[in-house]
Amino acid sequence: MKTSTIFCGGYLCSLLFYKKETAQRAVFTFLLIFGFTLIACNNDKNNDGSDFLQYWSSNNPYEIEFAEYIVGEWNRLNTEKKVFSQPVPEGRSSEEVILAAVVGKTTPDIYSNMWQGDVEFFARSGTLIPLDTLDGFLETLYQRCDSSVIDEITSADGHIYQIPWKINPIMLIYNVNLFKSVGYKKPPQTYSQFLDAGEKLHQDLDGDGYVDLWVGYSSILADWWQRFFDFYSLYLGASNGGKLIDQGKVVFNNQSAIAVFRFLQEVYKKGYFTKELLSARQDVFIEGFIASRFVGPWEVIHAEKFKKEGFDYHFRELPVPDSHSGPVYTYGDPKNIVIFNTCKNPQKAWNFLRYLISEENDFKLLEITTQLPRRKKLIKIKQFADYFEKNPKLKPFAIQAEHVRGTDVCAQLKEIFDVISQEYEACVIYDTKTPEEAINDAAEAAQVILN
């Protein structure tokens, strides 16, 4: 293959896939593709029929440790194809690295950090193996997952291109003592209770004329992916796990979405959430300046490492509308496993993956990373139940795992979340639109994208 041919083809593909992206993102993707093209020309190990499978994991240090353990055990115990593991190469985001690898045909055989929202995009482009065509896949999947998860990951063409692997349910981390100080033995569960607590906590602690105690915090940045950790998680709670997109139609122009925008608009308008970007400061939750945040189980390791003596925190479900009844759903932040079509032997890749997602190795994943395997009735499996009793901070996440959602089947999900985020910024952060106007405008723009 000639470098110039791959390079030009990669550039055209990037324009087709991301025609709505900004110039900055297009240039960055262009450079990534060029880099992967050079790799393809000099090192085509993934396509030469060699006797190993190439496996890319996340570049999170805990997941690298897990991948090295699993691969080491597999290679020690098995005589069939060996596995070589490495973290996904560095880039601005793993999603853009994977896109560049797809265009340059330098994808690994296996990738275990695929964002669920990207799968339909890659499935439609023909770059993923339909896993339901592999021997033993469906049997294992039905043993591992309930029917709602299987429905969620089934693509529009009826095939399944991803293994539901791990989740990080988004919940409310809260400062026990701060809420007790304003009369809440348990943190507020409804929007009105949350606003009431916000009013009571809204204080100038040192008398300098500036409020420095807030009920909560969420990023005000307009990046599309930020909305998974505020709007979308709250929307799932308000709508009992409802969809945004269903069979190519926008379905989020509803009272649940409007209620979420109104609630968040109110906490910002009244100053109960700070609009300050806190990334440059020390952890304001650990320091006691904010009473709650929307986080996943990764926060346990951080909080345990940096908490001060006497600091008491715990987790519970996100707040919901006052009229809500039933279980509270949230975003599961799932990351799944795929096999790319550059793999020379998908069945042997699946044999390795069946070992990786065994109950024993799911437990190892939990032990090493504190991330939860997406396995049905996790809290009722004895080995896991014993672990959560010994690690009570993680137990709420295991309970919440029964009521999580991933993303809808939609190839244009990033673009849709981008328009939601723009309307979020206008309505929630800057109060220039009503919730009804913002949701309606987002829904109309999203439908144009889908059409």
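Per-structure values
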{"read-out": "Order of LYS82, LYS414 - criterion: other Cβ atoms within 10 Å of each residue's Cβ, fewest first", "value": "LYS82, LYS414"}
{"read-out": "For CYS427, CYS343, order by how many other beta-carbon atoms lie within 10 Å, fewest first", "value": "CYS343, CYS427"}
{"read-out": "Taking ARG76, ARG374 and counting other C-beta atoms within 10 Å, the order from fewest to most", "value": "ARG76, ARG374"}
{"read-out": "Contact order relative to length of the chain, as percent, for alpha carbon pairs under 8 angstrom and 6 or more apart", "value": "24 percent"}
{"read-out": "Percentage relative contact order, region 409-451, counting C-alpha pairs under 8 Å, at least six apart", "value": "46 percent"}
{"read-out": "Rel. contact order, % - alpha carbon contacts under 8 angstrom, at least six apart, region 313-451", "value": "23 percent"}
{"read-out": "The chain: antiparallel DSSP beta bridges as a percent of all, rounded to 5", "value": "60 percent"}
{"read-out": "Computed FRET value (nearest 0.05) for TYR210 with SER93, which takes r as the C-beta separation and R₀ as 45 Å", "value": "0.80"}
{"read-out": "Unsatisfied cross-links (Cα-Cα over 24 Å) in the set LYS348/LYS395; LYS82/LYS414; LYS243/LYS414; LYS344/LYS376", "value": "LYS348/LYS395; LYS82/LYS414; LYS344/LYS376"}
{"read-out": "Phi to ³J(HN,Hα) by Karplus 6.51 cos²θ - 1.76 cosθ + 1.60 over region 368-376, Hz, x for Gly, Pro", "value": "7, 10, 6, 9, 8, x, 8, 10, 5"}
{"read-out": "Euclidean distance of C-alpha centroids, region 101-150 and region 255-295, integer Å", "value": "35 Å"}
{"read-out": "Euclidean distance between Cα centres, region 365-419 to region 155-210, Å", "value": "17 Å"}
{"read-out": "Other-chain or far-sequence residues with amide H under 5 Å of ARG293's (modelled H)", "value": "ILE173"}
{"read-out": "Spacing of the two label points (7 Å from each Cα toward its C-beta) at GLU199 and GLN282, in nm", "value": "3.3 nm"}
{"read-out": "Net charge contributed by nearby residues that have their C-beta within less than 14 Å of ILE429 (K/R +1, D/E -1)", "value": "-1"}
{"read-out": "Region 346-387: C-alpha gyration tensor shape, a/c 1.5 cut-off, then a/b vs b/c", "value": "prolate"}
{"read-out": "Within straight-line cross-link reach of LYS390, aspartates and glutamates at Cα separation under 16 Å, skipping those fewer than 8 residues along the same chain", "value": "GLU304, GLU367"}
{"read-out": "The chain: angle of helix 255-269 to the longest principal axis, Cα-based, in degrees nearest 10", "value": "60 degrees"}
{"read-out": "The chain - Debye-derived log10 I(q)/I(0), Cα point model, q = 0.07, 0.11, 0.14 Å⁻¹", "value": "-0.37, -0.93, -1.42"}
{"read-out": "Compactness of region 72-141 as Cα Rg over 2.2 N^0.38 Å, two decimals", "value": "1.29"}
{"read-out": "In Hz, Karplus ³J(HN,Hα) per residue of region 59-76 (6.51, -1.76, 1.60; θ = phi - 60°; x = Gly, Pro)", "value": "9, 5, x, 5, 6, 5, 4, 4, 4, 5, 5, 4, 5, x, 5, 4, 5, 6"}
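Readers should treat all values here as calculations from the given coordinates under stated rules, not as data from a laboratory. Just so it is clear, the structure is predicted and the values come from calculations on it, not from any experiment. A quick note on method: Cβ atoms are made from the backbone with ideal geometry, for glycine too, and the neighbour counts reach across all protein chains shown.
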